[in-house]
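The values are calculated or read from the model by the stated rules, or taken from the named source; none is laboratory data. Not measured: the values here are computed from a predicted model. Positions of Cβ are backbone-derived with ideal geometry, glycine not excepted, and every protein chain shown enters the neighbour counts.
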Amino acid sequence: MITGRRIRVLIVDDSATIRNILSAELARDSEIEIIGTAPDPYVARDKIVQLNPDVVTLDVEMPRMDGITFLRKLMRHYPLPVIIVSSLTPQGSELALEALQIGAVDVVCKPGAISTRDDLAVELAEKIKTAAHANVRARVAEKTPLSTPAQSLAMTRTTNKVVAIGASTGGTEALAAVLAAMPANAPGIVIVQHMPEFFTRSFADRLNQICAMEVREAGDGDTVSTGRVLIAPGNHHMLLCRSGAVYQVRVKTGPLVNRHRPSVEVLFKSVARYAGKNAIGVIMTGMGSDGADGLKEMHDAGAQTIAQDEQSCVVFGMPKEAIARGAVDHVLPLERIAQKILQCCG
């Protein structure tokens, strides 16, 4: 836990322009101190040992040694919180997802991929503050790779059930662990994972390769049905609605909610309204309180609710807030969440 001092950050990027932009913008935050920069992993390695940063920002496409190889070495020998700074190209999103699988805490888009430098400063600063408190060592030891084959659990009744899941920091690997353990006939699942625009499609595609269920990025009007997982697209809210006996999702723009778009709060409140006691709500690893009030509404509407426990979370913020509100029926380690979802659907 970092208390009484600024968060010490090392910036690693082969572009001098990016290093200068990140250094200048982050230096404006009184809680952050830029202790150094590095143009490649070899220089970064020496500076990490010399300067002992709290958080590292890391490009993944660099000469001499790529960021993925460096991250693997770092997580094995000197684990510490790493935020990936990536382009929004398909290649960039795939590499960023691989980095999250290896042990990076979060990902942010490079300048130019978002609207202004002010946006960059706010987003990256918040992620750095979250990363500084992340349970990196536990994650490295317990992470479930996206290459894990889907496991088959007991069959379950699925009629008119909806599972709503919300996650943030550390959620990509936590979701992979849960979804890979769900059978092909599990109830329809709707998910908000805080993630940049365009990255959610690559994330859904990767999950679809390892899951018995069909996993896709949600489109407006998609049906929530047995065997299907819908992931809210980055920069869009996703809400549950109902057309007769059929559940559907609406995907729309709108203001940030709890500083997020998509917001777990928006999804959970819509699920409380349209699915009520026919829903199961799950809140997982992440910083802040997004989804806590919505899960309470689901709980009060008769839904069964689950929170990931502190030990298995990268950051215990979102589950902790939901528990404090009396919104949670079951607090469970990551490896037991899929089984509990299926039990609640039985």
Qualifying strands (runs of 3 or more DSSP E) (wholly inside region 208-275; at least 2 residues being at pLDDT 95 or above, surrounded by fewer than 19 Cβ atoms within 10 Å (Cβ to Cβ) and touching a strand residue (DSSP E or B) at 6+ places or on another chain (Cβ under 9 Å)): 214-217, 246-252
Region 12-53, residues that are touching a residue at least 60 places away in the same chain (Cβ under 8 Å) and within 29 Å of F316 (Cβ to Cβ): L22, E25, L26, R28, D29, E31, I32
Subset of region 293-346 [over 16 Å from the mean Cα position of the chain (by Cα), assigned to a helix (DSSP H, G or I) and aliphatic (A, V, I, L, M)]: L295, M298, A322, I323, A324, I337, A338, I341, L342
Conditions (1) of a type in the set (G, A, S); (2) modelled with pLDDT of 70 or more; (3) surrounded by fewer than 19 Cβ atoms within 10 Å (Cβ to Cβ); number of the one not met by S115: (2)
Residue satisfying all of: in region 27-45; crowded, with 20+ Cβ neighbours inside 10 Å, in contact with a helix residue (DSSP H, G or I) (Cβ under 6 Å, 6 or more places away or on another chain) and among the hydrophobic types (A, V, I, L, M, F, W, C); farthest from A121 (Cα to Cα) among these: A38
